[in-house]
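Enquirer: Below are the structure tokens for one structure; questions will follow.
The values are calculated or read from the model by the stated rules, or taken from the named source; none is laboratory data. Since the structure is predicted, the reported quantities are computational estimates derived from the model, not experimental observations. Cβ placement follows ideal geometry from the backbone for every residue including glycine, while neighbour counts extend to all protein chains displayed. Surface accessibility is based on the protein's heavy atoms, side chains included, excluding ligands, DNA and RNA. Shrake-Rupley method; radii C 1.70, N 1.55, O 1.52, S 1.80 Å.
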Amino acid sequence: MSDEIKPDELLDKIDYSTGGGSWMDTPVQIRPGMYCYASNPKSVETLGLPNARAWNPLDDDWQLPDNWQEIIHQGLKERLDRFRTFKVFMDICVRCGACADKCHFFLGTGDPKNMPVLRAELLRSVYRNDFTTAAKILSKIPGGKKLSGSRPMTLEVLKEWWYYFFQCTECRRCSVFCPYGIDTAEITIMAREIFNLLGLNIDWIATPVSNCYQTGNHLGIQPHAFKDMLDFFVEDIEEITGVNCAPQYQKKGADILFITPSGDVFADPGTYTCQGYLILFKYLKEKYGLDVTWSTYASEGGNFGFFTSHETMKRLNAKMYAEAKRLGVKWILGGECGHMWRVIHQYMDTMNGPADFLEVPKNPITGTVFENAKSTKMVHITEFTADLIKHGKLELDKSRNANRVMTFHDSCNPSRGMGLLDEPRYVIQNCCDNFFDMPENTIREQTFCCGSGAGLNAGENIELRMAGALPRATALKYVHEKFGVNTLGTICAIDRAALTTLCEYWVPDVEVAGVHELVGNALILPGEKEREEDLRFEPLPDSEEE
Amino acid sequence: MDLKQIVKKNKKKIVDQWFKATIETYPANTAKILGKDSNKFDNPVGSTTRETIEDVVDLLCREFTAESLETTIDPIVRIRAVQAFTAAEAVSFVFALKRIGEELFDADRIREFDRLVDSIALAAFNRYSKCKEEIYLLKATESKRRIHRAFERAGLVAELNEEDLLGSKKS
Ligand code: SF4
Ligand code: SF4
């Protein structure tokens, strides 16, 4: 396996083929199709981030502040002091190469600078130069710099950082294989924080963050439009089921506050998942009197602040707790999202918590206490639904999903970020008879990223996204050909959008569906009429045969 | 022996050499990883490249049409169309066959073989442009489809007809 690549080959002699030469001597070429556009200066201004200006990554002059090198040096220094993991990751890599072929971007693009070890080395080389004694001593002897693997910060280096740290989706797959647990995602997070100090943001992140900060969600949709969309879903559901599933908004004293990524409300095919939530909550209200409220204020579960800086993430996240407090709910239920859960699971509690004013989440219908959410007070909807199914609390008609042959894509954040592996599969298998997992080295903790996470789901970098999607697509194509899989289930809003495009390019006969879309189709609502269509207004499998 | 029989007899040799030449179009360290005989899903570019090359060589031993050739070579070209290759570099791997052919065929046969290689190259180029077209179309329409369509269904916007926009994909 990858241990055949010796450390010296990996780094010092990384060979750029035809021309030859080491990676350090190979200057970066910023290629259209691979990078995201620079951020709109207005968004940068709204957020109060530095150096707001119009700039183009293809220009020679990036219009940096005069003391940009000093800003980077200081930025690195502060973060090395503040984040112990970052400091440790800078020092302990032994260049064993175990991570080299584990990144979907390396596997898809074939670019050695996308090997996680080399991605980290882009930054580590400057760290060595600026912060280690060994490099300082070695720099005095001829060839010493090369020996220590260090280099000074130059504009070329900065451009290389920018290009490659925006070719990392912070998915953490590499860390699963590193014997030391080095998490290249955290190195990318630090690099992106530093870019923000210089105004080197990308628009696909900065503008959603600015919208979210001002309006409450990434798309900048105002409360009345948010409500209009849900009203429209309610009409559709009523047409299909004959039951009015209208939600409640901002209801003080409700049992549970429900927060989902705005993608579920505003983007296909997440909209069908959203209808699934509405159907579920109606069912629980009718059968068990459960009181769930939505909020047009906390109208975004996602948090692109996470891809900007710790401070920005904190600002955006705070509104969830603030709204829960204002409404006086018992705990928060969260929808099908990816990075939202990484933020909740790994940061929220220490960042904006402890949320003492909330109760330890307990499912009032089954009595289950969600110990894992004891301190965040926020439960993932597939855990909640799986618990209801396990206790026989939901009446499900699987035949209504009989046209679907399912597989499941573990989104990086819920799987590697919080260990949510079995619940979504359990829910799918209780809503549909046909389920086939993809090969084991491509799922669960080893799942391959969709290639569009961490703010990289833009249009202009589509070649990067499609290349990064190749490992996932190869596994999907396999189950499609072998078992006739026609639907890729997922519990992430970015995935519902990104995987749809992935399928169109790589495996065109496969559709993407959220897990609660299946729930919405299968759940038998009290008083419903005989359904003839599913939530997409496609004929149900039974009625098709007639 | 006719050309097809010679190809059939030398299939393994042709596949191995063509595969090697193809992965050598990548940076040396990448080529080393792609060339490893690892699990298909741990090495998608390497495994797809090898499988596709095998399928194409298999096809050469049988009767085939321009269309079947194009479909068969698709997986490899589809990958190269999104990697850092120019159009010429993306399909250049086909011409490695000419070098391989020089060792296998005598002067009489080599022209026939070269013509075969030319037809593979044309198929690859056709496929390459189709893949690029798909990419541009996805780029132009995906966000509109994702967000705009949802809004349109809800009657919140109305000025754009998605079906028109997507019409060209189906042709
Ligand atoms: S990051 Fe870990 S796996 Fe990768 S080369 Fe360094 S020590 Fe090895
Ligand atoms: S975190 Fe994911 S995208 Fe980033 S280097 Fe590791 S495997 Fe690649």
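Enquirer: Listed highest first by mean packing, meaning other Cβ atoms within 10 Å per residue, what order do B:81-89, A:337-345, A:209-217, A:364-372 come in?
Expert: Ranking the peptides B:81-89, A:337-345, A:209-217, A:364-372 by packing returns A:337-345, A:209-217, B:81-89, A:364-372.
Enquirer: Given Cα pairs under 8 Å that are at least 6 residues apart, what percent is the relative contact order of the range B:3-131?
Expert: The value is 29 percent.
Enquirer: Quick one: dipole size for the range B:3-131, taken about the Cα centre, charges +1 on Lys/Arg Cβ and -1 on Asp/Glu Cβ, in debye to the nearest 20.
Expert: Details: 21 positive and 20 negative charges, 42 e Å.
In debye, rounded to 20, the range B:3-131 gives about 200.
Enquirer: Specify the inter-centroid distance of the range A:482-546 and the range B:72-116, based on alpha-carbon positions, in whole Å.
Expert: 41
Enquirer: Long-range amide H contacts for A:G489: which residues qualify at under 5 Å (H placed 1.01 Å from N, peptide plane, sequence gap of 5 or more or a different chain)?
Expert: Here A:T407, A:F408, A:H409, A:A513 satisfy the definition.
Enquirer: Could you pull the Cα extents of chain A along its three principal axes, largest to smallest, in whole Å?
Expert: Principal-axis extents of chain A (Cα, largest first): 83, 51, 40 Å.
Enquirer: So what are the ³J(HN,Hα) numbers for the range B:97-110, from phi and the Karplus equation (6.51, -1.76, 1.60; θ = phi - 60°), rounded to whole Hz, Gly and Pro as x?
Expert: 4, 4, 4, 4, x, 4, 6, 9, 10, 7, 4, 5, 7, 4
Enquirer: Taking the Cα centre of the range A:389-546 as origin and charging only Cβ (+1 Lys, Arg; -1 Asp, Glu), how large is the dipole, in debye to the nearest 20?
Expert: It works out to roughly 680 debye.
Enquirer: Let me ask something else about it. Within a 10 angstrom radius of each residue's Cβ in A:105-112, how many Cβ atoms of other chains show up on average? Whole number is fine. Could you put the intermediate results ahead of the total?
Expert: Working: counts 0, 3, 9, 5, 6, 16, 5, 6.
If you average over the peptide's residues, the count of other-chain Cβ atoms is 6.
Enquirer: Let me ask you something else. When you count, for each residue, the other Cβ atoms within 10 Å and take the mean per peptide, how do A:258-264, A:283-289 rank with the highest first?
Expert: A:258-264, A:283-289
Enquirer: Cα-Cα pairs above 38 Å in the range A:209-522: how many percent?
Expert: Details: 3785 of 49141 pairs.
The answer is 8 percent, as a whole percent.
Enquirer: Per residue, how big is the convex hull of the range A:149-296 when only Cα atoms are used? Give it in Å³. Intermediate values should be presented prior to the final figure.
Expert: Numbers: hull volume 26.3 nm³, N = 148.
Dividing the Cα hull volume of the range A:149-296 by its residue count gives 178 Å³.
Enquirer: Which value, to two decimals, describes the C-alpha radius of gyration of the range B:3-131 once divided by 2.2 N^0.38 Å?
Expert: Details: Rg = 14.0 Å, N = 129, 2.2 N^0.38 = 13.9 Å.
Rg over 2.2 N^0.38 Å, computed on Cα atoms: 1.01.
Enquirer: Could you give log10 I(q)/I(0) at q = 0.18 Å⁻¹ for the range A:225-302, computed by the Debye formula over C-alpha point scatterers of equal weight, without solvent?
Expert: Reported log10 I(q)/I(0), two decimals: -0.69.
Enquirer: Placing +1 on the Cβ of each Lys and Arg and -1 on the Cβ of each Asp and Glu in chain A, which of A:L76, A:Q429, A:L122 has its Cα farthest towards the positive end of the resulting dipole?
Expert: The one lying farthest along the dipole's positive direction is A:L76.
Enquirer: Using DSSP, restrict attention to beta bridges with both residues in chain A and report what percent are antiparallel, rounded to the nearest 5. Walk me through the numbers before you get to the answer.
Expert: Details: 4 of 23 bridges.
Percent antiparallel among DSSP bridges in chain A is about 15.
Enquirer: Past 23 Å, Cα to Cα: identify those pairs from A:K77/A:K136; B:K12/B:K36; A:K477/B:K132; A:K42/A:K113; A:K252/A:K529; A:K477/B:K20, in the order given.
Expert: Values: A:K77/A:K136 16 Å; B:K12/B:K36 17 Å; A:K477/B:K132 20 Å; A:K42/A:K113 32 Å; A:K252/A:K529 32 Å; A:K477/B:K20 25 Å.
Flagged as over cut-off: A:K42/A:K113; A:K252/A:K529; A:K477/B:K20.
Enquirer: When only Cα pairs under 8 Å and 6 or more residues apart are kept, what is the percent relative contact order across chain A? Display every interim value, and only then the final one.
Expert: On the way: 1013 pairs, mean separation 90.4, N = 546.
Relative contact order here is 17 percent.
Enquirer: Same structure again: About its Cα centre, what dipole magnitude does the protein assembly as shown give when the only charges are +1 on Lys and Arg Cβ and -1 on Asp and Glu Cβ, stated in debye to the nearest 20?
Expert: Taking the Cα centre of the protein assembly as shown as origin, the dipole is about 2280 debye.
Enquirer: Could I ask something else about it? If you take each beta carbon of peptide A:505-511 and count the beta carbons of other chains within 10 angstrom, what is the mean? Please list the in-between numbers first.
Expert: On the way: counts 8, 4, 0, 2, 0, 0, 0.
So the per-residue partner count for this stretch is 2.
Enquirer: Turning to a different aspect of this structure: Please list, by residue number, every one of the trypsin sites (Lys or Arg not before Pro) in the range A:361-412 that is coil in DSSP and has at most 13 other beta-carbon atoms within 10 Å.
Expert: A:K374
Enquirer: In whole angstrom, note down how far apart the Cα centers of the range A:279-317 and the range A:401-451 are.
Expert: Centre-to-centre (Cα) distance: 23 Å.
Enquirer: Under a 10 Å cutoff between Cα atoms, tell me which one of B:D108, B:D42, B:D58 has the largest fluctuation in the Gaussian network model of chain B.
Expert: So, out of B:D108, B:D42, B:D58, the one fluctuating most is B:D108.
Enquirer: Ranked from highest to lowest mean number of other Cβ atoms within 10 Å per residue, what is the order of the peptides A:309-317, A:138-146?
Expert: On the way: A:309-317: 20.2, A:138-146: 12.6.
Packing proxy ranking, top to bottom: A:309-317, A:138-146.
Enquirer: On to the next question. Taking both sides together, what accessible area is buried at the A/B interface, probe 1.4 Å, expressed in Å² and rounded to the nearest 100?
Expert: Protein heavy atoms only, the A-B interface buries about 4200 Å².
Enquirer: I've got another one for you. Using helices alone, I'd like the mean residue ellipticity at 222 nm for chain B: each DSSP H run of four-plus residues gives -39500 (n - 2.57), total over residue count, nearest 500.
Expert: -23000 deg cm²/dmol
Enquirer: While we're on this one: Of the chymotrypsin sites (Phe, Trp or Tyr not before Pro) in the range A:456-546, which ones lie in a loop per DSSP and count no more than 14 other C-beta atoms within 10 Å?
Expert: Loop-located and lightly packed - A:F537.
Enquirer: Provide a whole-number value for the mean count of partner chain Cβ atoms within 10 Å of the Cβ atoms in peptide A:458-465.
Expert: Neighbouring Cβ atoms belonging to other protein chains average 4 per residue here.
Enquirer: Report the one residue of A:L200, A:L470, B:A90 whose Cα lies farthest in the direction of the positive end of the charge dipole of the protein assembly as shown (charges on C-beta: Lys and Arg +1, Asp and Glu -1; origin at the Cα centre).
Expert: A:L200
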